[in-house]
1. May I ask you to verify whether ASN303 is under 25 Å from ARG492 (Cα atoms), open to solvent by 60 Å² or more (accessible area, probe 1.4 Å) and not basic (Lys, Arg)?
2. For the stretch 465-481, what are the residues that are modelled with pLDDT of 80 or more and touching an Asp or Glu at 6+ places or on another chain (Cβ under 7 Å)?
3. Exactly one condition in (1) at pLDDT below 90; (2) within 22 Å of ILE489 (Cα to Cα); (3) part of a helix (DSSP H, G or I) is false for VAL364; which is it?
4. For the stretch 35-55, how many residues meet the condition of being of a type in the set (Asp, Glu) and either open to solvent by less than 80 Å² (accessible area, probe 1.4 Å) or in contact with a strand residue (DSSP E or B) (Cβ under 8 Å, 6 or more places away or on another chain) (or both)?
5. Restricting attention to the stretch 255-276, and to residues there that are loosely packed, with under 13 Cβ neighbours inside 10 Å and not basic (Lys, Arg), which single residue is nearest to LEU237 (Cα to Cα)?
6. Going through the stretch 35-59 one residue at a time, which ones are assigned to a helix (DSSP H, G or I) and either over 21 Å from PRO72 (Cα atoms) or modelled with pLDDT of 90 or more (or both)?
7. If you check every pair at least six apart or on different chains, which have Cβ atoms under 6 Å apart with a residue in the stretch 347-370 that is at positive phi first and a residue that is open to solvent by 20 Å² or more (accessible area, probe 1.4 Å) and assigned to a helix (DSSP H, G or I) second?
8. Which numbered condition in (1) under 21 Å from GLU448 (Cβ atoms); (2) assigned to a loop (DSSP other than H, G, I, E, B) is the only one that GLY374 fails?
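The values are calculated or read from the model by the stated rules, or taken from the named source; none is laboratory data. Given the structure is predicted, the values throughout are model-derived calculations rather than measurements. So basically every Cβ, Gly included, is an ideal-geometry build from the backbone, and we count neighbours across all protein chains shown. The area values use the complete protein model at the heavy-atom level, side chains included, leaving out ligands, DNA and RNA. Shrake-Rupley method; radii C 1.70, N 1.55, O 1.52, S 1.80 Å.
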Amino acid sequence: MFRVLVVDDAEDLRMSVSTALSENHYLVDQAKDGEEAVNRVRAGNYQLVLLDVNMPKMSGMEALKEIKAHDPSIIVIILTAFSNVRDAVEATKEGAYNYLEKPIKAENLVYLVDKALKAQHLVRNMSLSAPVFRLPNGTDFIGQSNEMKRIFGVIDKLSRVETAVLIRGESGTGKELVAQALHHNSPRKDNRFVTINCSAIPENLIESEFFGHEKGAFTGADGRKIGKFQYADGGTLFLDEIGDISAGMQVKLLRALQEKRFTPVGANREVEVNVRIVAATNRNLEEMIKKGEFREDLFYRLNVLPIHLPPLRERKNDIAALATYFIEKFNHQHHKKITNLSKESMELLKAHAWPGNIRELENVIEHAFVIESGTEITPSSLPDTLTGGRSLHTTAQDTSTSETDDDDLLSDESDGDGDESIATIQVTAGPVGAAIDINRLDFQASKEEFERQFLISALKAFKGRINQTALHANIPKKTLLRKLQKYGITARDYN
C-alpha cells in the first residue's frame, strides 16, 4: 500500500483528509507543521506528501525544498486557500506536482492523489531503463540504490523546463517510457501526450499526419483532418524514430519547431500551436549529418537536453532488478506465484548479449512464465537463445520439410526465390543429444519456438527489411507478416 503524509496545522483538516484517503486504502500519517513533516520524511518511506503552505516553525515552501532535496521521487501536492493560489503555483515551479484549493472535496482529493501516484509509477518504470544523462562535465550513469535517486533528479529538472529533449538509445531501451515520464511529471501533465512513429508512416502521408489536411487536398482526403501537432496543443508531442524522416519533411518540421506554427496540407491558413517536443532515435544522427541525410540545424534544435539510454549489455548489474520487476508484473498478469530465478538462470541472463535490450528481457521472462510449472524460473523454461543451443546454418532452401501447410515456415511450399549468395541465417536450437524432459514434449510448441527464432535471425540478417527478409528467407511476404504478428515481433527492432 502507498504511504501518504498529511501536513497541516489545522487538526480538523488533517483528520478529514486522512479519513478520505484511508477509506481508499492508503496508509496515512499526519504532521502538524513543516518541521515535523521533514523529520518524518527523513525517517520514513513516503510516496506522497500533502503539504499546507502557511504553517508555524517551517513554511510549506521551505518544507517542499527540504523534502525534494532528501528524495526527489516523493510526490508533493500543495494544500492552499484561494488567497494563496499564487504561492501554490510558485510551489509547482519548485517541484510540487500540483495543488488543491481549500475547502477540499474528497472526490477531488482522491482523484488527484491517484493520478499523482500513477505519474510516480511511470518514473519508477523509467528508472528501470536507467538512462545516462549527458552532463557538461561528462557522462553520469544511473544505477541502483542511492544512484537510482539521481534519475528522479534528472526527471525533476527536465520536467520544469519547456525546451526540447532528445532521447537516444538502441531499440528496446525504454525511450518512449522516458518521454511519458517527462510529460506526466511536467506542468503539461493534464494535457495530451501524443506519439508519432516517424518510421511507420508512408512518405506521402507523413506531412498530413504531422500537420493535417483540408478536404480535397489529395486523393482520398474526403474531409478536413487535424494533424498530431494540433491535436497535441498544450501537451507533449513525442516524435519517435526522428532519424527516419525525409529531408523535405525535416525542413517543414524545423519551421514548425522554430515558429510554433504550420500550414495544413492544401490550406492557405496558418495554425499556431503550443507543444513541447520530445524526440527519440536509435540512429547515429551525427554520422547522418556528415552524409547529408539529416539537417544540422534540426539536430541542434532537438538536441537541447539529450538523454542517452545505454544498452542492457553495458549495465548487467541491473538485470536482477529488472527481472524481479517483470516477475512481479507477469505474476499479476498470468495469476502465477513464481518467486525468483534460479542461480543458473540468472547466470544465463547475465551472460546473454541482449540485442533487444529491456524489451527482449521482458519477452524472455514472459516466455519463462508460459513454460515454467514451478515457483522458480529454471534454465529449461528459458528460450534456446539463452541456453546455448547448437547453431543451425540455413539458407532459404534449408527450411523445407514434408509439411504441406502454406502458412507454416516448416513447409516445402513457397512463392519466393532464394539466393544462396546471401550470408547464412543463424538459428539456435537445442543441443544435439541433450536430455529431453518427457513432461515437456510438445511438437507444436517446439515448432513455434523454431519459427520464432528463425524469424528473428532472418530479420537481424536483413536489418529488419520486410521485403528482403521475405525474398531471401524464401517466405511469402503475406505469411511473414502474419507470423510476425502471431509472435509479437516488430521488424523495426532489428534495423
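1. It is false that ASN303 is under 25 Å from ARG492 (Cα atoms), open to solvent by 60 Å² or more (accessible area, probe 1.4 Å) and not basic (Lys, Arg).
2. Those that are modelled with pLDDT of 80 or more and touching an Asp or Glu at 6+ places or on another chain (Cβ under 7 Å): PRO476, THR479.
3. Against the list (1) at pLDDT below 90; (2) within 22 Å of ILE489 (Cα to Cα); (3) part of a helix (DSSP H, G or I), VAL364 comes up short only on (1).
4. 2
5. ASN274
6. GLU35, GLU36, ALA37, VAL38, ASN39, ARG40, VAL41, ARG42
7. Going by the 6 Å Cβ cut-off, the qualifying pairs are TRP354/ARG313; TRP354/GLU360.
8. Unmet for GLY374, out of (1) under 21 Å from GLU448 (Cβ atoms); (2) assigned to a loop (DSSP other than H, G, I, E, B): (1).
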